[in-house]
Amino acid sequence: MRFNADAGRAGIRSHQIAKQHNASRNIAAMEPSRRWGDDRAILDDEEARNRILDAAGRCIVRRGNTQFRMGEVADEAGVSRSTVYRYFPARDDVLLGLMLARVDTAISELVRNLPAPDDPVRSLPEMVLARVESVDGNALNEALFAAESTAVASALEKGSEPIVELLLRHYGPLLNRWKAAGLLYPDVDFRSIVQWLHTATLFLLAPSWRYRPAADKREFVAQFVVRALVPQIRQ
């Protein structure tokens, strides 16, 4: 009988341990997993990319430039480095993804709010200067274009085509309308136009122009962008 009693107590203890273990597992299952990149049921690829880019943005703001490490982004996002590399093979890819996302949002808002969308003389300066002026006063934009952010140049070079495609998607309807109305030179293709708009924007964000007066930048755009594209004021 003593043997049976001991066995019974052992069985009860085993049952209690099993219940505690199951309870711990249930609680853990209710908590968000920090290693979400290893569980495809938690996030889809697009959300995973967005979370990594958000984490990279926080790292850049904290540093004040783009000299972050991939491991730093992984820690900030709460994932393993292999998860970050799965979506972004190199730091340039992270930077390009971040800039594409920000340009997409900014250009979409810009096009919606153009005060004179049927007038290229008034709209073209805004299409360049709004992006230039958006840097100062925004912590992430300031860090992206800080003097120490040398990695941005290679990321932009790698992403030149994706950026042009993005700009074409947003600016294409405007350019079509202007061309149909005879407000643009007929021999200038839209890809060349958006490439020039993008180049002019980056030129004005370079150290030699970034801190010059707004009036100087506006004069530059009027002289070298608007006059190059709009026939009526080329002379």
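The values are calculated or read from the model by the stated rules, or taken from the named source; none is laboratory data. Because the structure is predicted, anything quoted here is derived from the model rather than measured. Here the Cβ positions follow ideal geometry from the backbone for every residue, glycine too, while neighbour counts run over all protein chains shown.
Which residues, counting only those in segment 124-157, are farther than 19 Å from Asn65 by Cα and either in contact (Cβ under 8 Å) with a residue 24 or more places away in the chain or β-branched (Val, Ile, Thr) (or both)? Result: Leu124, Pro125, Met127, Val128, Leu129, Ala130. Counted as qualifying within segment 164-235 are the helices (runs of 4 or more DSSP H) with 1 or more residues that are at pLDDT 95 or above and either assigned by TED's automatic domain parsing to the domain that holds Glu126 or surrounded by 15 or more Cβ atoms within 10 Å (Cβ to Cβ) (or both), namely 190-205, 214-221.
Out of curiosity, is Asp54 part of a helix (DSSP H, G or I), buried (at least 18 other Cβ atoms within 10 Å of the Cβ) and acidic (Asp, Glu)? Answer is no for this residue.
Among the residues of segment 74-99, those identified as over 13 Å from the mean Cα position of the chain (by Cα) and of a type in the set (A, V, I, L, M, F, W, C) are Ala74, Ala77, Val79, Val84, Ala90.
Among the residues of segment 203-235, those that are without any contact (Cβ under 8 Å) to a residue 60 or more places away in the chain and of a type in the set (A, V, I, L, M) comprise Ala206, Ala215, Ala228. Answer yes or no as to whether Ala153 is in contact with a helix residue (DSSP H, G or I) (Cβ under 7 Å, 6 or more places away or on another chain) and either part of a loop (DSSP other than H, G, I, E, B) or in the same structural domain as Phe220 (by TED's automatic domain parsing) (or both). Here the answer is no, as Ala153 does not meet what is asked. Of all the numbered requirements in (1) outside the structural domain of Leu168 (by TED's automatic domain parsing); (2) at pLDDT 90 or above; (3) among the hydroxyl-bearing types (Ser, Thr, Tyr), Thr105 misses one, and that requirement is (1).
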